[in-house]
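Data first, discussion second: the structure below is written as structure tokens.
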Amino acid sequence: MADALSSAKAVHAMLNGQSEDTRDRPVQPNGPRIPLPDLEPPRADLVATLVQRRSAAKFADRPLDMAALSALLRFALGVQRFVQAQGVDKHPLGMAPSAGGLLCLRAYLLVRQADGVPPGIYRYESVSHQLIEIGPGDPTAGLTEVFLQPEFATNAPVTIALTARLDVAFTQYPLRHYRTLHVDAGVAVQNLYTVGTALGLACCAIAAFDDRALGSLLCLPDSEIATMLFSVGQKP
Ligand SMILES: Cc1cc2nc3c(=O)[nH]c(=O)nc-3n(C[C@H](O)[C@H](O)[C@H](O)COP(=O)(O)O)c2cc1C
């Protein structure tokens with residue numbers, strides 16, 4: 001596992017044209033938690049939703065509402081069911097399928113404007129359907145260093161960052177699984193687009209970001225890499 005982990009980190013750094021990140025790593029976040037409300041799923045025809053889906057460059061200059069945020073996370077990235085697996089009775093499987101059902105994917109929220117969620121950086125805890133605070137305060141300045149198209153930093157009320165846990169992946173699979181982690185992220189992105197469109201939100205997947213700046217802003221542990229960003233807000 002240790003060999004695969006260090007090889008994957010080296011490959012990742014090389015692909016980004018950046019040296020490996022060796023900053024001090026944080027402990028598990030223990031900030032305040034924000035429970036998200038339980039909601040009915042959006043009622044929308046699947047194929048009509050796929051036909052309507054677009055990538056948005058513009059977002060309304062108002063907060064993302066709590067019901068929309070909660071439903072987006074719950075139905076795109078939340079838990080679908082529990083199964084006996086991985087040595088436990090209740091292993092959570094997601095609304096988005098993942099290779100081997102592993103829990104490699106994590107979602108972080110960089111909140112500029114959202115009802116009921118103060119500006120700050122949060123991690124989504126899918127089993128409890130809660131946000132756990134990583135750090136308080138408006139992330140706009142940090143996001144301008146992250147996005148290669150800085151308008152997304154100042155226009156999108158909420159940015160979702162999808163990350164992959166290399167430690168979880170390489171405990172079970174060989175180095176080749178580095179590729180599958182990105183497929184997992186793509187599946188999750190499509191879920192976000194589909195559920196976001198069904199909820200009437202403006203959404204855009206973003207691959208153009210600076211890995212090191214994002215890792216630093218999210219305080220990612222050494223064994224976790226950023227895979228995709230997803231900007232979301234109300235439609236203008
Ligand atoms: C993996 C992926 C990465 C993307 N990265 C970016 C990006 O960095 N910046 C951007 O403006 N749009 C990005 N997009 C949005 C695409 O440009 C958009 O999906 C494409 O132009 C088709 O338009 P549509 O989504 O409205 O059908 C990305 C989409 C995907 C699926």
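With charges only on Cβ, +1 for K and R and -1 for D and E, what is the dipole size of the chain about its Cα centre, in debye, rounded to 20? Mind dumping the intermediate values first?
Details: 20 positive and 22 negative charges, 100 e Å.
In debye, rounded to 20, the chain gives about 480.
Using θ = phi - 60° in the Karplus curve 6.51 cos²θ - 1.76 cosθ + 1.60, the 3J(HN,Hα) couplings for segment 65-77 round to 7, 4, 4, 5, 4, 5, 5, 4, 5, 4, 8, 9, 10 Hz; x is entered for Gly and Pro. Each label was represented as a point 7 Å from its Cα along the Cα-to-Cβ direction; for Gln18 and Ala2 these points are 2.6 nm apart.
Below 13 Å, Cα to Cα, which aspartates and glutamates can Lys58 reach? Residues fewer than 8 away in the same chain don't count. The qualifying aspartates and glutamates are Glu151. Round to a whole angstrom and tell me the spacing of the C-alpha centers of segment 109-126 and segment 193-236. Each part reduced to its Cα centre gives a spacing of 12 Å. Packing, taken as the mean count of other beta carbons within 10 Å per residue, orders the peptides 68-74, 36-42 from highest to lowest as 68-74, 36-42. Karplus-derived 3J(HN,Hα) values for segment 95-101, using 6.51 cos²θ - 1.76 cosθ + 1.60 with θ = phi - 60°, are 4, 9, x, 9, 4, x, x Hz; glycine and proline are entered as x. Would you please state the base-10 log of I(q)/I(0) at q = 0.10, 0.11, 0.12 1/Å for the chain, with intensities from the Debye formula using one equal scatterer on every alpha carbon? Log-scaled intensity ratios, in q order: -0.44, -0.54, -0.65.
For Phe209, the residues whose amide H sits under 5 Å from its own are Leu148, ignoring neighbours fewer than 5 places away on the same chain, with H placed 1.01 Å from N.
Simple rule: put +1 on each Lys or Arg Cβ and -1 on each Asp or Glu Cβ in segment 80-147, find the dipole, and look at Gln130, Leu93, Ala107; the Cα lying farthest toward the positive end is Leu93.
Taken together, the values in this text are just the output of simple stated rules run on the coordinates, not laboratory data. Everything quoted here is computed from the prediction, not taken from an experiment. Quick reminder, even Gly has a Cβ in these numbers, built from the backbone with ideal geometry, and neighbours come from all protein chains shown.
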